[in-house]
Amino acid sequence: MHLIWAYRLLVIAVLLFALRKGEEPERLISMIIILAIAMDVVNHSIFGDPTFFAVNPGHIVIDTWSLLAMLWIALRANRGWPMWVCSAQIIVVLSHVAKLTELSLVRFGYYAMAQLPLPIQVTALLLGTIAHTRRSERIGRYHAWRLT
């Protein structure tokens with residue numbers, strides 16, 4: 001139980017760090033993750049806790065929205081790390097597709113695909129925000145978005 005709360009506090013710390021020290025791409029990714037968590041809480045409060053291995057339309061909507069928002073940022077940000085965050089979110093969305101095909105074959109795979117990408121995303125956000133702060137200290141302000 002303590003490990004779960006330590007993990008949650010670590011995620012919160014990284015999100016707050018990115019909101020405080022990052023520029024627009026870091027802040028937007030942080031806000032997307034925070035909004036997705038908040039929408040998941042609302043989803044469960046309205047529709048209850050579904051069985052883990054049943055298809056949850058609320059999760060599909062939330063995760064697809066997160067993917068589209070992260071993809072927009074990943075394609076426009078002047079940074080490489082948002083591609084990692086977006087790639088991890090693609091795995092989450094694909095987990096719902098796998099779940100729709102045959103539940104008996106994908107139970108453990110679904111868990112791994114739906115739950116393990118968040119640590120990848122938070123790690124990429126942390127490393128990206130650290131890289132951004134170091135780069136800003138070294139060269140000063142630079143464009144957050146690609147000039148197209």
Report task. Please report the orientation-averaged projected area of the stretch 68-135, defined via the convex hull of its C-alpha atoms, in nm². Result -> 4.6
Report summary line: Residue span residue 131 to residue 45: 0.36 nm per residue of separation minus Cα-Cα distance leaves a gain in nm of 27.2 nm
Requested in this report: Among 85, 110, 140, pick out the residue whose Cα is farthest towards the positive end of the charge dipole of the chain, where Lys and Arg carry +1 and Asp and Glu carry -1 on C-beta, about the Cα centre.
Outcome: 140
Report summary line: Rounded to the nearest 10, the angle in degrees between the Cα long axis of helix 57-76 and the longest principal axis of the Cα atoms of the chain comes to 20
Report summary line: D (µm²/s, integer) via Stokes-Einstein for the chain, Kirkwood Rh across alpha-carbon pairs, 20 °C, 1.002 mPa s: value 132
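Computed from the coordinates by the stated procedures, all read-outs in this text should not be read as laboratory data. Owing to the predicted nature of the structure, the values given are computational and were not obtained by experimental measurement. We place every Cβ from the backbone using ideal geometry, glycine too, and count neighbours over all the protein chains shown.
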